[in-house]
């Protein structure tokens, strides 16, 4: 069977297994897919206030007419808000915000005005950002030494075209491309790539103004055949200090391009150490920082391979040295909580479970052999199922060990610290451990969201850490009640209970959004398609709210929503009045 991993037990009747963790603070978690939603509001309510409105935008594909707004699609696709390192000269007065459609903005905190900083569609001829999904400007991160070196990093997507895709600076002459060179596309599958993700190092020679003046350097280009689960987030270890071996090492999340759920030769890619797919990578962009470390194949970065903290598989024959952790599907967003020294990654599931994983070096997180607490079975046409949903149900393997080619012993997978099923949503977004001042009762809670329904959840970080990666031992998840004063609702002068989904739909409509016949918001999602309803039985109406959670340098929580192009801020815990009837 080679390195294809599949452990089958005997067939049994459908069963329900609930494990009560006596003596533990973790919640009760089912090993079987639930019949009904499991996450409920616990009375905790937050006041959400409008903060800023992005300029209108639409997806950009090569050859598309620029500047034309598609009012049937998302109107301002913000996916990340970042603060510069605190010692940067203008860090206190501005945020950086990316619009997936093609622009990296500077947001003035006082005026709430957006200033274009980099137009990716003007620089990269093959830049591709569809009207939905992860393509476009995907993520960015500031170098820890940004205040001195002006370096930051971005990931964007390109659709390979007739030309080589060499960047141009005709509209941004301050961008010096004299030293820029393309890198070969790393493509694990034999099929040609439909989409490529490109990791760029930018060096701004003057970070004291609102324009870019400097250079760009391509570090890595990865090809994806299906173009769905692609390169994702970027993050540096905030615990590392100058002189530490992990200082200025860049962590990169890498999706599996739908391979894990698709029968065929690539199905085990997330478990293969010779593939970048379904992994967390760690590299050193500055090739002069640790000159004894391994140089990448393309010569653009180094791989931590010497000293006390090398990458875990640099000595495994045939393995990609960049791999830091593996066995993931679409590790969409990453965050690091400094007080607890905890590295958290949100992994989007197939058809059953969404996961929050506590990541450790060398950890195997089970995919595509596990999802949630269950065994996963790939099926044609994106119909993969977990064991309890098979017909008849398949019992969990008696021995929970996975054989990984290149490793001397089978590996016990590490299970998520918190999970929720597709009864409660179908695409986990981003999240952060709250350490701010405005909502003291939520300190130490991991606040995150579901992208389709717009529901915002939290779990106790201490409970998550106490799970120790064990199966059926996940922390309990609760839903936050949203209080919001709509600028369009003259009948209610005070904030009232609202669903995030409805807030976004209302604003999208007032910005000119044109609903399709079968949905009130652009995009699609199982959990919002009529007659799908929330746990209280109220139908959604179709489409996606598409929020992301962000945290500012004030340690407060911001909610970015792609469909209506808004940034909102959680400002205070409140006692909610009865819900408004619409």
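Could you list 269, 315 in order of exposure, starting from the residue whose Cβ has the fewest other Cβ atoms within 10 Å?
On the way: 269 24, 315 10.
The fewest-first ordering by Cβ neighbours comes to 315, 269.
Could you work out the per residue convex hull volume over the alpha carbons of the range 274-314, in cubic angstrom? Please report the intermediate quantities before stating the final value.
Working: hull volume 3.2 nm³, N = 41.
So the per-residue Cα hull volume is 78 Å³.
Can you give me the distance in nm between label points at residue 536 and residue 72, each placed 7 Å from the Cα along the Cα-to-Cβ direction?
3.2
In whole Å, what is the distance between the alpha-carbon centres of the range 504-581 and the range 131-167?
27
What whole number of Å gives the distance from the Cα centroid of the range 391-420 to the Cα centroid of the range 236-293?
Comparing the Cα centres of the range 236-293 and the range 391-420, I get a distance of 22 Å.
Quick one: order 326, 180 by neighbouring beta-carbon count within 10 Å, fewest to most.
Details: 326 30, 180 15.
The most exposed by this proxy come first: 180, 326.
Arrange the following residues from fewest to most other Cβ atoms within 10 Å of their Cβ: 415, 51.
Numbers: 415 24, 51 20.
Sorted ascending by nearby Cβ count, the order is 51, 415.
In whole angstrom, note down how far apart the Cα centers of the range 475-500 and the range 65-86 are.
Cα centres, the range 475-500 to the range 65-86: 24 Å.
Divide the volume of the convex hull of the Cα atoms of the range 227-347 by its number of residues and quote the answer in cubic angstrom per residue.
Details: hull volume 13.1 nm³, N = 121.
With only Cα atoms used, the range 227-347 gives 108 Å³ per residue.
Let me know the volume per residue of the alpha-carbon convex hull for the range 44-178, in Å³.
On the way: hull volume 21.1 nm³, N = 135.
Dividing the Cα hull volume of the range 44-178 by its residues yields 156 Å³.
With a point put 7 Å past each Cα toward its Cβ, work out how far residue 441 is from residue 462 in nm, to one decimal.
1.7
Suppose the chain between residue 112 and residue 49 were pulled fully straight at 0.36 nm per residue; how much longer would it get relative to their current alpha carbon spacing?
Details: separation 63, 0.36 × 63 = 22.68 nm, distance 1.35 nm.
The span from residue 112 to residue 49 would gain 21.3 nm if fully extended.
With log10 I(q)/I(0) by the Debye sum over Cα atoms at q = 0.06, 0.11, 0.13 Å⁻¹ in mind, check (1) -0.28, -1.03, -1.50; (2) -0.55, -1.23, -1.30; (3) -0.56, -1.00, -1.22 and report the label derived from this structure.
Calculated log10 I(q)/I(0) by the Debye sum over Cα atoms at q = 0.06, 0.11, 0.13 Å⁻¹: the matching label is (1).
For the chain, what relative contact order do you get, as a whole percent, if you take Cα pairs closer than 8 Å and at least 6 residues apart?
Working: 1577 pairs, mean separation 98.6, N = 582.
Relative contact order comes out at 17 percent.
Bear in mind these aren't lab numbers, they're just calculated from the coordinates by the rules spelled out. Worth saying up front: this structure is predicted, and the values here are computed from it rather than measured. Cβ: placed from backbone, ideal geometry, glycine included. Neighbour counts: every protein chain shown.
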